[in-house]
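Novice: Okay, handing you the structure first.
The values are calculated or read from the model by the stated rules, or taken from the named source; none is laboratory data. In this text the structure is predicted, and so the values were computed from the model without any measurement. Using ideal geometry, Cβ is built from the backbone for each residue, glycine included, and neighbour counts are taken over all protein chains shown.
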Amino acid sequence: MRDVAIIGIGQTKVGEHWEKDLRHLSLEALQAAMRDAGVEHVDALYVGNMLSGELTGQEHLGALVADFAGLRGVEAVKVEAACGSGAAALRLGYVAVAGGLADVVLVVGVEKMTDATGPEATAALAMAADADHEVAHGLTFVALNALLMRRYMYEYGYKKEDFAPFTINAHANGMNNPYAMFHMKVTPEAYARARMIADPINLLDSSPVADGAAAVVLAPADWVRGSGKPVIRIAASAVATDTVAIHDRRDPLVLEAAALSAWRAYQQADIGPEEVDLFELHDAFSIMAALSLEAAGFARRGEGVRLALDGEITPQGRIPVATMGGLKARGHPVGATGVYQVVEVVQQLRGEAGANQVPDARVGMAQNIGGSGATVITHILIRDC
Amino acid sequence: MSLPSKNWRLRNQRYRLVGEICEKCGAAIFPPRDVCPECEAPAQTPYVFSGRGEVYSYSTVYHPPAGFEKYAPYTVALVRLEEGPMLTAQLTDVAPEEVHIGMPVEMVTRQIQTDGDEGVIAYGYKFRPRMG
Ligand SMILES: [Zn+2]
């Protein structure tokens, strides 16, 4: 196996892009990443996407994006793992370069969601859950997370407002990210007043439906060593799975796949959670942020919310999360999210995170979750100097 | 999507709560999955659940997906069956503010989904409060 480096990053602003479709969004992100990497050709393209068929009537994104980007002939496929599609595409790109099957690989995550109506998007997102045993009973993605949040509050004695720090931190960080969908400060009062979607989850606990694309260029780390630029190495790449339906889990409040994926990643990188400088977690809902912090070893069971209440998740805290806004403020174009997370970790490790810069960040972790925890993909990036 | 063929395939579990029992370790399994989640042995022996259980968690849905608009708001729950497994279902015959974790419930058969005004109606299990 070869060491793999991320040599280029690119992203579009997340939001409602009336004037751009899947092709244009992908192109904008991948051209930015290739410019940043200084490459004009790639050996393979992996496109992470969840809902292009359902929401835009277009599948076959590997060939589509390759053709549109002037990469005709290149190896290209779409990768799908629900909301974990972006990191799944990165995982395949990593495998190809690490295994020596390709040298320069382009990974793009893209999603176009705002052409659909709210109920259509809600129904489409629910396809990540168990169609026959969850969705058929009227469960939405929000409702599934609401079931977890209610039980969490019951078992550990938290109040609804105890979850506010996750939202407040994400939006405070999003204010300084030009690519973020939202640039608005959220106060505890605004959180308390937010409209209920599926109680106890309100609008500000939830990440928004959005359009966006992000891209990275991978190459053997040896190619860039000694170039004078910081080498951002993929020190770990680990996937784990769990039951698709929440009701089939032994203990729904433990994200077993998140724990498995994180601990496999720690093993590969030969580090522990205490060495991680920032954690781009999958805060599609506040409860997911809490459960991810616990699964990845940053908090004990039932103490993920406590960590946030103690101020430890801000850029100055012990384990900064959602440092560029996370899924809530940057936005959650589902199949693109996993790549956005990694792009943001690279920004942090390069020291290009501006006002949200985590001081001396050297080790960054990104964890992308498909469904309500059924596919979890963790990447650890380390800056080698 | 409420396809007639799918409704027919799922009829035993949806109408009568028929799951499976593992002949090897005795685990009761619902929804049926043909491989025991406890010991990984093949498990295809039908087993009819009592339909009694209690609420593990619940939520009231105000923003329904396409196909469920006319039911909203409705309350959904994770129900722990007395035989052990948990399932996901809607609660019925109860006001949202009366639901609590640990509430005893029992299964009833109700309409669970429709495809538009002219479409197929799917029936299946819901749960209502149980006395005593
Ligand atoms: Zn068994």
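Novice: Just checking, how many residues over region B:23-42 are assigned to a loop (DSSP other than H, G, I, E, B), within 20 Å of the chain's Cα centre (by Cα) and either surrounded by fewer than 20 Cβ atoms within 10 Å (Cβ to Cβ) or within 8 Å of the ligand (Cβ to nearest atom) (or both)?
Specialist: 6
Novice: While we're on this one: Kindly indicate whether B:Asp115 is at negative phi, touching a residue at least 12 places away in the same chain (Cβ under 8 Å) and either surrounded by 13 or more Cβ atoms within 10 Å (Cβ to Cβ) or away from the ligand (no atom under 16 Å from the Cβ) (or both). Show your work before the answer.
Specialist: Working: at negative phi: yes; touching a residue at least 12 places away in the same chain (Cβ under 8 Å): yes; either surrounded by 13 or more Cβ atoms within 10 Å (Cβ to Cβ) or away from the ligand (no atom under 16 Å from the Cβ) (or both): yes.
Yes; evaluated as a whole, the condition is true for this residue.
Novice: So, restricting to helices (runs of 4 or more DSSP H) that lie completely within region A:36-154, which ones have at least 1 residues that are within 28 Å of A:Asn202 (Cβ to Cβ) and not assigned by TED's automatic domain parsing to the domain that holds A:Gly302? I'd like the intermediate steps shown before the answer.
Specialist: On the way: elements: A:52-56, A:61-68, A:85-98, A:118-125.
By residue number, A:52-56, A:85-98, A:118-125.
Novice: Here is a further query. Taking the condition farther than 22 Å from A:Asp132 by Cβ, at the interface with chain A (Cβ under 10 Å from one of its Cβ atoms) and touching a helix residue (DSSP H, G or I) at 6+ places or on another chain (Cβ under 6 Å), does B:Thr60 pass?
Specialist: Values: farther than 22 Å from A:Asp132 by Cβ: yes; at the interface with chain A (Cβ under 10 Å from one of its Cβ atoms): yes; touching a helix residue (DSSP H, G or I) at 6+ places or on another chain (Cβ under 6 Å): yes.
Against the criterion (farther than 22 Å from A:Asp132 by Cβ, at the interface with chain A (Cβ under 10 Å from one of its Cβ atoms) and touching a helix residue (DSSP H, G or I) at 6+ places or on another chain (Cβ under 6 Å)), B:Thr60 qualifies.
Novice: Could you check region A:347-371 and list, in sequence order, the residues that are buried (at least 24 other Cβ atoms within 10 Å of the Cβ), out of contact with any Pro (no Cβ under 9 Å at 6 or more places or on another chain) and over 15 Å from A:Asn49 (Cα atoms)? Steps first, please.
Specialist: From region A:347-371, those buried (at least 24 other Cβ atoms within 10 Å of the Cβ) are A:348-349, A:364-371; that's our starting set.
Narrowing the set further to residues that are out of contact with any Pro (no Cβ under 9 Å at 6 or more places or on another chain) leaves A:364, A:366-371.
Result: A:Gly364, A:Ala366, A:Gln367.
Novice: Moving on. Of all residues in region A:255-301, how many are β-branched (Val, Ile, Thr), part of a loop (DSSP other than H, G, I, E, B) and in contact with an Asp or Glu (Cβ under 8 Å, 6 or more places away or on another chain)?
Specialist: Total meeting the criteria: 0.
Novice: For residues in region B:55-71 being aromatic (Phe, Trp, Tyr) and at pLDDT 95 or above, which is surrounded by the fewest Cβ atoms within 10 Å (Cβ to Cβ)?
Specialist: Within region B:55-71, the match that is surrounded by the fewest Cβ atoms within 10 Å (Cβ to Cβ) is B:Tyr56.
Novice: So, one more: Does B:Ile101 satisfy the condition of being modelled with pLDDT under 95, away from the ligand (no atom under 16 Å from the Cβ) and β-branched (Val, Ile, Thr)?
Specialist: When the stated conditions are applied, B:Ile101 does not pass them.
Novice: Given (1) over 18 Å from the mean Cα position of the chain (by Cα); (2) away from chain B (no Cβ under 14 Å), where does A:Tyr156 come up short, assuming only one miss?
Specialist: (2)
Novice: Next question. Out of all the residues in region A:173-203, which are under 18 Å from the mean Cα position of the chain (by Cα) and in a helix (DSSP H, G or I)? Can you show your working first?
Specialist: To start, the set of residues in region A:173-203 that are under 18 Å from the mean Cα position of the chain (by Cα) comprises A:173-174, A:177-182.
Hits for region A:173-203 are A:Asn173, A:Gly174.
Novice: In addition: State all residues of region A:1-16 that are in contact with a Leu (Cβ under 8 Å, 6 or more places away or on another chain) and either assigned by TED's automatic domain parsing to the domain that holds A:Phe182 or under 17 Å from A:Arg350 (Cβ atoms) (or both); if no residue qualifies, say none.
Specialist: A:Val4, A:Ala5, A:Ile6, A:Ile7, A:Gly10
Novice: Identify all residues within region B:12-22 that are within 16 Å of the ligand (Cβ to nearest atom) and within 12 Å of chain A (Cβ to nearest Cβ); write none if there are none.
Specialist: B:Gly19 - this is the single residue of region B:12-22 that is within 16 Å of the ligand (Cβ to nearest atom) and within 12 Å of chain A (Cβ to nearest Cβ).
Novice: Follow-up. Would you confirm, using the coordinates I've provided, whether A:Ile197 is facing chain B (nearest Cβ under 7 Å) and either more than 22 Å from B:Pro65 (Cβ to Cβ) or crowded, with 23+ Cβ neighbours inside 10 Å (or both)? Quick ask: steps written out before the conclusion?
Specialist: On the way: facing chain B (nearest Cβ under 7 Å): yes; either more than 22 Å from B:Pro65 (Cβ to Cβ) or crowded, with 23+ Cβ neighbours inside 10 Å (or both): yes.
Against the criterion (facing chain B (nearest Cβ under 7 Å) and either more than 22 Å from B:Pro65 (Cβ to Cβ) or crowded, with 23+ Cβ neighbours inside 10 Å (or both)), A:Ile197 qualifies.
Novice: Could you tell me which numbered condition B:Tyr47 fails, if it satisfies all but one of (1) within 14 Å of the ligand (Cβ to nearest atom); (2) in a loop (DSSP other than H, G, I, E, B)?
Specialist: Just one mismatch for B:Tyr47, condition (2).
Novice: Working carefully through the options B:Arg52, B:Arg9, find the one that is touching a residue at least 24 places away in the same chain (Cβ under 8 Å), surrounded by fewer than 17 Cβ atoms within 10 Å (Cβ to Cβ) and away from the ligand (no atom under 12 Å from the Cβ).
Specialist: Working: B:Arg9 fails: touching a residue at least 24 places away in the same chain (Cβ under 8 Å).
The unique qualifying residue is B:Arg52.
Novice: Residue by residue through region B:68-90, note down the ones that are in a loop (DSSP other than H, G, I, E, B) and more than 7 Å from chain A (Cβ to nearest Cβ).
Specialist: Across region B:68-90, the qualifying residues are B:Ala72, B:Pro73, B:Glu82, B:Glu83, B:Gly84, B:Pro85.
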